[in-house]
Number of protein chains: 2
Amino acid sequence: MKTSGKHVIRPATLEAIVDAAVRLLNVNIGASLSEIAIHAGIGRATLHRHFRDRNDLIRFIGTRCIEEMNAAVLAVDAPDKPAIERLRSMFVEVAPLGDRYNFLRLERRRDEGVRQAYNTQLGWVDALVEDLRAQGEISREVPVRWVTAQIDQLVWTAWQAVAEDYLSAAEASELAMRTLLNGLKD
Amino acid sequence: MKTSGKHVIRPATLEAIVDAAVRLLNVNIGASLSEIAIHAGIGRATLHRHFRDRNDLIRFIGTRCIEEMNAAVLAVDAPDKPAIERLRSMFVEVAPLGDRYNFLRLERRRDEGVRQAYNTQLGWVDALVEDLRAQGEISREVPVRWVTAQIDQLVWTAWQAVAEDYLSAAEASELAMRTLLNGLKD
DNA sequence: AGGTCGTGATACAGTGTTGTATCATTCTTG
DNA sequence: CAAGAATGATACAACACTGTATCACGACCT
């Protein structure tokens, strides 16, 4: 965000911008600043007052999403809990942030800063996977990258299922756990 | 593609355009026609000779990808084979088309024609899932949409694993089967 | 109530992309 | 080899988006 802004942004204005931007950019990364302003219910000039340019806006949203993810993950990170419980908590906590999460997945391809922060997050997941292996919940025959890719996809699928209203949040989390650990067989 | 073109496109030119466009648009849907032409090793004017406009190009690629997917799926569609074998064949045949497949996944959000063709494809997968359920390979407790979503993701993940060179094509297909049916547990 | 400050609206120039037209060049085909 | 056709290169106008500046309005605070 523009650092030396003469104007101070109103909280309501900022939240409207972030929400509209995440929503629109998830569907179409090429959404114009006009569209974003309109959907946020603000003037385009206000956008430019607080964000130097388009890239500044996107980067701000990126770091904002990462912060929210970090907060969610931190709430789960109790080393004494069994790995499987931490996994379940992660699905429960992170899946509701699905739209923010997906924004990061899309943006990491374009922004180096987002990519690095995202990879740091993956490091946390790597450690979780290692614990899951150590406790025999996941086979050592399966490459770690495959496991993290599955978890990554399951978070997004679980959010979509809830967003499309064919599963409750609790059901989606359980189904994600089952898919990862036991598959979909009878 | 422009129907009443005075010029006839050379096969090599067309293939170069399609390949470059799929590759670039997968990374960045906003890639300019200039970029695409350069990466295809052709002049930008040639692009405009054969495609009325950007949308025409994208739609052509969309239908092209769908045709390739149809051909791959058709080769698998032997009603006498057990459902589980058809599933395995699908991973083997479709995963190598991962980049084309991903283009469709991205584009179905923007183009109504692509969306419809894509949904038709999903209908084929729905039928496969139904067979898998009938033969007890997949539990009826799991919603069909969840299963199709998993298959969708697994195709893409398998292709990525091969593209990133940490699994062979055969390993990726087997791991996709295992993940879907038995999970990653020991 | 009045002053301050964030906001909306508008105008403007700069820029990159798009689509068309034209001509020279290269490739294909008979 | 020669004719025809596809392509490359270039110039051009139209267009949308971006970023800046300016002024009037309205919300918030004391």
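The values are calculated or read from the model by the stated rules, or taken from the named source; none is laboratory data. Since the structure is predicted, the reported quantities are computational estimates derived from the model, not experimental observations. In this analysis, Cβ positions are derived from the backbone assuming ideal geometry, glycine residues included, and neighbour counts consider all displayed protein chains. Keep in mind that these areas ignore ligands, DNA and RNA; they rest on the heavy atoms of the full protein, side chains included. Shrake-Rupley method; radii C 1.70, N 1.55, O 1.52, S 1.80 Å.
Residues to consider are A:6, A:81; find the one that is within 16 Å of DNA strand C (Cβ to nearest atom), open to solvent by 40 Å² or more (accessible area, probe 1.4 Å) and either in contact with a helix residue (DSSP H, G or I) (Cβ under 9 Å, 6 or more places away or on another chain) or within 14 Å of another protein chain (Cβ to nearest Cβ) (or both).
Details: A:81 fails: within 16 Å of DNA strand C (Cβ to nearest atom).
Exactly one residue qualifies, and that residue is A:6.
If you filter region A:163-180 down to residues that are open to solvent by less than 10 Å² (accessible area, probe 1.4 Å) and within 7 Å of another protein chain (Cβ to nearest Cβ), you find that the one that is farthest from residue A:86 (Cα to Cα) is A:179. The set of residues from region B:135-162 being more than 9 Å from chain A (Cβ to nearest Cβ), over 16 Å from the mean Cα position of the chain (by Cα) and farther than 14 Å from residue A:185 by Cβ comprises just one member, B:144. Set side by side, the residues B:75, B:31 differ, and just one is at pLDDT 95 or above and away from DNA strand D (no atom under 14 Å from the Cβ), which is B:31.
Scanning region B:108-115 for residues that are closer than 22 Å to residue B:26 by Cα, part of a loop (DSSP other than H, G, I, E, B) and in contact with a Phe, Trp or Tyr (Cβ under 9 Å, 6 or more places away or on another chain) turns up at least one hit. Restricting attention to region B:14-57, the residues that are near DNA strand C (Cβ under 10 Å from one of its atoms) and either acidic (Asp, Glu) or part of a helix (DSSP H, G or I) (or both) add up to 16.
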